[in-house]
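Below: the structure, in structure tokens.
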Amino acid sequence: MTVDIAGIRLKNPVMTASGTFGYGLEFSPYTALDKLGAIIVKGLSLRPRPGNPGPRIVETPCGMLNAIGLQNAGVGTFIKEKLPLLRKIKTPVIANIFGENIADYAEAASMLDSVDGVAGLEVNISCPNVKHGGIVFGTDPNEAHRVVSAVRAATGLPVITKLSPNVTDIRVMVRAVEEAGTDAVSLINTIPGMVIDVEKRRPAIANRIGGLSGPAIRPIAVRMVWEAASVANTPLIGIGGITTARDALEFIMAGAAAVQVGTANFLDPDAAVKVAEGIRDYATKHKTSAAELTGAARR
């Protein structure tokens, strides 16, 4: 079950997706954190962010729409208050970082660079729920190259770049961030969507538009991992509507070396561990390994 992602050794290929698992600590009463491949904490910015006004989440068929707005305590508070407790967990912790401009990304990466307990960085250039940064970098290959280059120059930690699905050709984006020095690529982030409350006759969330996640987007995400795998020279991490081991195996067989479980955490806080156990059972039954299953559908 062990896999290596950009030099980060994981006991299994299942991570928690940023923004769906808090700082990890909140889930400790409900699941065994040491059974996860990695914990990716919610997006961190240089300064604390209050996020968007409520309501911020609405259920949709086979998923949900959210516009949290990257509410977080800030990099400094994370280092001082959250990380000391996370160090006690025998699972790699990956910090997801976000900025409104390239300098923000670079400074956040620099602050986390020499901090004990951070195994790597996930660079979020794909969040659709904020008005600045994020989505701009995630849809323009030149801008993506610039921000990843800046992060790469600011840190010696493994860098994972999280890509947006809102592009014409995901392969162009993969090439751009690989040329900039990313060590791995995670995809996909949520897809912009909207829900109208017909009784109130207004959008169901205050931000009007939010990110659609959950099983509804899984076929799109699997297709994009498949396309990314055709050009990628770095490990891919598949994200999008994974609720079972079979869902995760689709991504792995499409070319992902690991996966992230996101929306399913809202339904079952033990979801990621159950996915990992299911992959293990499949690998045992078929006398194979997680690494050997990567790209199996392509061979």
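The values are calculated or read from the model by the stated rules, or taken from the named source; none is laboratory data. Not measured: the values here are computed from a predicted model. For neighbour counting, all protein chains shown are included, and Cβ atoms are generated from backbone atoms with ideal geometry for every residue, glycine included.
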Among the numbered criteria (1) modelled with pLDDT under 95; (2) surrounded by 24 or more Cβ atoms within 10 Å (Cβ to Cβ), which one does ARG299 miss? (2)
Which numbered condition trips up ASP116, out of (1) surrounded by 15 or more Cβ atoms within 10 Å (Cβ to Cβ); (2) at pLDDT 95 or above? (1)
Top-ranked residue of segment 1-26 - restricted to ones that are farther than 30 Å from ARG49 by Cα and in a loop (DSSP other than H, G, I, E, B), ranked as nearest to the chain's Cα centre (by Cα): PRO13
Residue that is surrounded by the fewest Cβ atoms within 10 Å (Cβ to Cβ) [pool: residues in segment 175-194 that are hydrophobic (A, V, I, L, M, F, W, C) and assigned to a strand (DSSP E or B)]: MET194
On the basis of being on the phi < 0 side of the Ramachandran plot, part of a helix (DSSP H, G or I) and crowded, with 19+ Cβ neighbours inside 10 Å, does VAL172 make the cut? no
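Only one of these is without any contact (Cβ under 8 Å) to a residue 60 or more places away in the chain and in contact with a helix residue (DSSP H, G or I) (Cβ under 8 Å, 6 or more places away or on another chain): ILE89, ILE97. Name it.
On the way: ILE89 fails: without any contact (Cβ under 8 Å) to a residue 60 or more places away in the chain.
When all the criteria are applied, what remains is ILE97.
This table checks each residue for (1) surrounded by fewer than 18 Cβ atoms within 10 Å (Cβ to Cβ); (2) modelled with pLDDT of 95 or more; (3) among the hydrophobic types (A, V, I, L, M, F, W, C).
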residue	(1), (2), (3)
ARG202	yes, yes, no
ILE209	yes, no, yes
ILE237	no, yes, yes
LEU249	no, yes, yes
ALA258	no, yes, yes
What single numbered condition from (1) within 18 Å of the chain's Cα centre (by Cα); (2) farther than 26 Å from ALA271 by Cβ fails to hold for ILE188? (2)
Among the residues listed as GLU122, GLU100, the single one being over 12 Å from VAL75 (Cα atoms) and surrounded by fewer than 24 Cβ atoms within 10 Å (Cβ to Cβ): GLU100
Conditions (1) in contact (Cβ under 8 Å) with a residue 24 or more places away in the chain; (2) out of contact with any Phe, Trp or Tyr (no Cβ under 6 Å at 6 or more places or on another chain) -> ASP140 fails only (1)
Please indicate, with yes or no, whether at least one residue in segment 14-21 is surrounded by fewer than 20 Cβ atoms within 10 Å (Cβ to Cβ), touching a Lys or Arg at 6+ places or on another chain (Cβ under 7 Å), modelled with pLDDT of 95 or more and under 28 Å from LEU249 (Cα atoms). no
Kindly provide the set of residues from segment 140-169 that are hydrophobic (A, V, I, L, M, F, W, C) and not in a helix (DSSP H, G or I), ordered by number. LEU157, VAL159, ILE160, LEU163, VAL167
Within segment 141-169, restricting to residues that are among the hydroxyl-bearing types (Ser, Thr, Tyr) and closer than 14 Å to PHE98 by Cα, the one that is surrounded by the most Cβ atoms within 10 Å (Cβ to Cβ) is THR161
Every residue in segment 260-290 that is surrounded by 16 or more Cβ atoms within 10 Å (Cβ to Cβ), assigned to a helix (DSSP H, G or I) and touching a Ser or Thr at 6+ places or on another chain (Cβ under 9 Å), please. ALA264, ASN265, PHE266, ALA271, ALA272, VAL273, LYS274, VAL275, GLY278, TYR282, ALA283, ALA290
